[in-house]
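I have placed the structure first, in the form of structure tokens, so that the comments after it can refer back to it.
None of the figures in this text is laboratory data; all of them are computed from the coordinates on show. What you are looking at is a predicted structure, and each value in this text was computed from that prediction instead of being measured. Note that each Cβ is placed from the backbone with ideal geometry, even for glycine, and that neighbours are counted across all protein chains shown.
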Ligand SMILES: [Zn+2]
């Protein structure tokens with residue numbers, strides 16, 4: 001009986017092959033590891049010495065020698081505000097000079113300034129910007145990206161942004177996972193009438209988003225003074241009823257019961273969580289809600305209570321609670337004009353104290369879990385997508401260790417080389 005597996009791509013003899021078993025807490029490092037793929041999926045992974053007897057390369061099979069290099073699953077960025085457009089460097093400068101929130105608003109800054117910029121930009125401009133962003137992310141080793149609307153704030157504008165994100169991703173190697181975030185801010189027309197805006201989300205936006213099948217998740221910016229826990233609950237429950245799984249911007253600036261709400265509604269993830277309570281984190285662990293930390297955004301919030309010790313204490317509480325930790329860039333023109341998952345990972349280790357293994361898990365299988373894609377992406381086990389990165393690194397620790405460099409040498413999406421020179 002011939003038990004050899006047919007394959008069309010073999011990445012062989014990696015110094016460290018990180019299998020990252022789905023949903024686990026181990027990288028599953030195989031020294032001298034080989035991974036074999038067929039039709040865009042992994043079919044075999046194990047020690048190089050066992051590969052020869054196990055694999056039957058098809059004619060034209062591509063064989064890549066990863067000798068001396070680390071191989072991981074393609075990275076997953078589980079939190080971006082793509083499409084984002086418009087530069088807020090002037091606001092950045094004002095903040096550096098110590099300007100307060102109101103002064104920045106008066107100077108035309110903040111989320112609403114991006115809403116205005118994006119509403120004035122053409123479809124082609126926004127689509128082109130989003131494609132450029134996806135190109136950059138892919139070059140960094142990111143093969144799956146979540147993309148939130150939220151710079152529209154009317155039914156038509158939100159649907160437009162979701163459509164543009166889908167169009168940008170439709171002919172691009174990066175998989176785009178769309179999230180509806182109509183509850184990102186209160187638009188100026190509803191100033192002082194947040195409940196009226198919530199009704200618009202419930203009665204106009206969510207039904208239209210659901211009807212068009214244009215988003216997989218529904219997210220809310222739940223924070224005292226923005227959307228309350230009660231308002232967020234109504235939106236997330238209605239989203240769930242319409243087939244959109246819940247996500248939540250929670251407890252970013254203050255402890256507001258966001259983590260508790262995320263667990264209560266069975267959210268797939270709760271994000272930010274700088275002030276999440278231990279009870280909220282424990283409830284999230286019990287509900288299987290992933291904690292997404294956003295280290296780049298934290299740099300914009302440094303000062304006062306928020307410092308390295310605070311961030312490390314939050315992570316210690318997450319570990320104690322047993323909640324899965326993921327990392328995202330939070331790419332947006334305000335607090336995180338950063339498309340680099342590698343930088344977010346380096347900061348997660350330095351600011352939040354994540355170990356190298358925790359950091360890579362947080363950017364692969366746990367990030368996949370934050371998108372309901374565990375096992376499908378973010379792992380290199382039989383059945384997972386053949387999305388993988390060959391790193392200019394001899395050990396996995398070297399990935400978060402360096403910062404400000406792009407170490408993704410070769411990137412494969414669904415078994416196809418999408419970045420790097422072929423080395424056979
Ligand atoms: Zn965000």
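Rg/Rh for the chain (Cα atoms only, Rh after Kirkwood) is 0.98.
Separation of the range 15-36 from the range 294-351 is 25 Å, based on Cα centroids. Axis angle, to the nearest 10 degrees, between helix 111-120 and the longest C-alpha principal axis of the chain: 80 degrees.
Give me the number: length gained by fully extending residue 25 to residue 93, i.e. 0.36 nm times residue separation minus the C-alpha to C-alpha distance, one decimal in nm. Could the numbers behind the result be given before it?
Details: separation 68, 0.36 × 68 = 24.48 nm, distance 4.08 nm.
The span from residue 25 to residue 93 would gain 20.4 nm if fully extended.
Pairs of Cα atoms nearer than 8 Å and 6+ residues apart set the relative contact order; for the range 110-217 it is 29 percent. Pair-distance distribution of the range 176-280: all C-alpha pairs, bin width 10 Å, starting at 0; shares per bin in whole percent are 17, 50, 30, 3. Stretched out straight at 0.36 nm per residue, the stretch from residue 119 to residue 320 would grow longer than its current Cα-Cα span by 68.0 nm. Taking the three principal axes of the alpha carbon atoms in the range 30-132, the coordinate ranges are 69, 33, 18 Å, sorted in descending order. Helix 278-287: angle to the longest alpha-carbon principal axis of the chain, degrees 0 to 90, nearest 10? It works out to around 60 degrees. Shape annotation for the range 273-393: C-alpha extents along the principal axes are 46, 33, 26 Å, from largest to smallest.
Label positions at residue 242 and residue 61, each projected 7 Å from the Cα along the C-beta direction, are separated by 4.9 nm. Taking 58, 253, 96 as the candidate residues, the one with maximal mean-square fluctuation in a Gaussian network model of the chain, Cα springs under 10 Å, is 96.
Once the Cβ-Cβ distance between residue 255 and residue 49 is put in as r, and R0 is 60 Å, what FRET efficiency do you end up with, to the nearest 0.05? Efficiency computed from Cβ-Cβ geometry: 0.70. For the range 192-264, relative contact order (Cα pairs under 8 Å, six or more residues apart, normalised by length) works out to 31 percent. Is the shape of the range 300-371 best called rounded, prolate or oblate, per the rule: a/c under 1.5 gives rounded, else a/b larger than b/c gives prolate, else oblate, with a ≥ b ≥ c the square roots of the Cα gyration tensor eigenvalues? Note, shape of the range 300-371 comes out oblate. The modelled label-to-label distance between residue 154 and residue 286, using points 7 Å beyond Cα along the C-beta direction, is 4.4 nm. Extending 7 Å from the Cα toward the beta-carbon at both residue 203 and residue 300 defines two label points whose distance is 3.3 nm.
Express in nm, to one decimal, how much length is gained between residue 190 and residue 41 on full extension, taking 0.36 nm for each residue of separation and deducting their alpha carbon distance.
Details: separation 149, 0.36 × 149 = 53.64 nm, distance 4.81 nm.
Here the answer is 48.8 nm.
Helix 123-139: angle to the longest alpha-carbon principal axis of the chain, degrees 0 to 90, nearest 10? For helix 123-139, the angle is close to 40 degrees.
Along its first, second and third principal axes, ordered by size, the range 55-187 spans 65, 36, 23 Å in Cα coordinates.
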